[in-house]
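Notes to accompany the following structure.
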Amino acid sequence: MQLIDLALETTGHLLSLALGAGGNITLSVRKNRKAEDLPSILAEALRARRRKVRDIGRVFTDAGPGYFTGIRAGLVFSKTLCQFLGCKLFALNSLDILAEKAGMRRRTVAVVKDALGERLFFGLYRHGKKIVSPRLIHIEELKGYLSLSGYEPFYLTGDAVLKYGALLGKLLGERAIFVSGRKNLLSAGDVLRYGRLYAQKNPPDSWKTALPVYLKPSYAEERKGIRV
């Protein structure tokens, strides 16, 4: 029987899990539950598809940036599965996944995830390449970073769009094209779709050494005395 893919998204407010086989997504669930509930949620999902845990061949997990507890629990669960099952692990970056979802291969995309306290996890992408690597910035720094995109319009995506939409609109002006609604949020299905593309060009991570993505403050924030 063909092995299946498992994808996890635990960096936001909702926990999401997806199963896939043969390039398809066969099951996707999103629950308002804690990451500590992952074992029971996975067991329910496998039963629904009449599969066993030993059928898992690859695990794709969102390793952050995002909420510390969710990142840590999701990555520990993924690493434990891969250790005992011998399956392949891919620890992915949230900002890269959101950029791919917003079409970074054909346009300029700025990703902004809420980091609390008017801080943002930020990355800038153009035509499949990173212009600004993922980092933690204050919202007031965003306009300066986006000047690196030139004068062309750019798409803005991420959960910070939902939280700070009015402020971002005033700050960035007409060049910013805002991705709408729930498209700014990640699901395990998004993780799985991106993960499969990523796995075509990149080797799996070791369950021994895979690390969460925790971003440090920018230089400007450090000068203000802000710490994460």
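Read the figures in this text as sums done on the coordinates, not as results from a lab. None of the values given here were measured: they were computed from a predicted structure. Counting neighbours? That spans all protein chains shown, and the Cβs are built from the backbone with ideal geometry, glycine included.
Of note:
- Taking one quarter of the surface of the convex hull spanned by the alpha-carbon atoms of segment 47-206 gives a direction-averaged projected area of 10.2 nm².
- The charge dipole of segment 95-184, taken about its Cα centre with unit charges on the Cβ atoms of Lys, Arg (+1), Asp and Glu (-1) only, comes to about 320 debye.
- Charge dipole of the chain about the Cα centre (unit charges at C-beta), most positive-ward option of Ile97, Gly57, Tyr67: Gly57
- Relative contact order of segment 95-184, defined on C-alpha pairs under 8 angstrom at six or more residues apart (%): 28
- Relative contact order %, the chain, counting alpha carbon pairs below 8 Å whose residues are six or more apart: 21
- Net charge over other residues, Cβ less than 14 angstrom from the Cβ of Pro153 (K, R count +1; D, E count -1): +2
- About the centre of its Cα atoms, the chain shows a dipole size close to 480 debye [charges on the beta carbon of Lys, Arg (+1) and Asp, Glu (-1) only; nearest 20 debye].
- Of the chymotrypsin sites (Phe, Trp or Tyr not before Pro) found in segment 128-185, the ones in coil according to DSSP and having at most 10 other Cβ atoms within 10 Å of their Cβ are Tyr151.
- Calculated [θ] (222 nm, deg cm²/dmol) that DSSP helices of n ≥ 4 give over the chain, each run adding -39,500 (n - 2.57): -10000 deg cm²/dmol
- Violating pairs (Cα-Cα greater than 22 angstrom) within the set Lys79/Lys129; Lys88/Lys201; Lys101/Lys170; Lys79/Lys113: Lys79/Lys129; Lys101/Lys170; Lys79/Lys113
- Ranked by the mean number of other Cβ atoms within 10 Å of their residues, highest first, the peptides 191-197, 45-51 fall in the order 191-197, 45-51.
- Among the trypsin sites (Lys or Arg not before Pro) in segment 87-173, those placed in a DSSP loop whose Cβ has at most 12 other Cβ atoms within 10 Å are Arg106.
- Exposure proxy order (Cβ contacts within 10 Å, fewest to most) of Ser28, Ser78: Ser28, Ser78
- Seen through its C-alpha gyration tensor, with square-root eigenvalues sorted a ≥ b ≥ c, segment 95-184 comes out rounded because a/c lies under 1.5.
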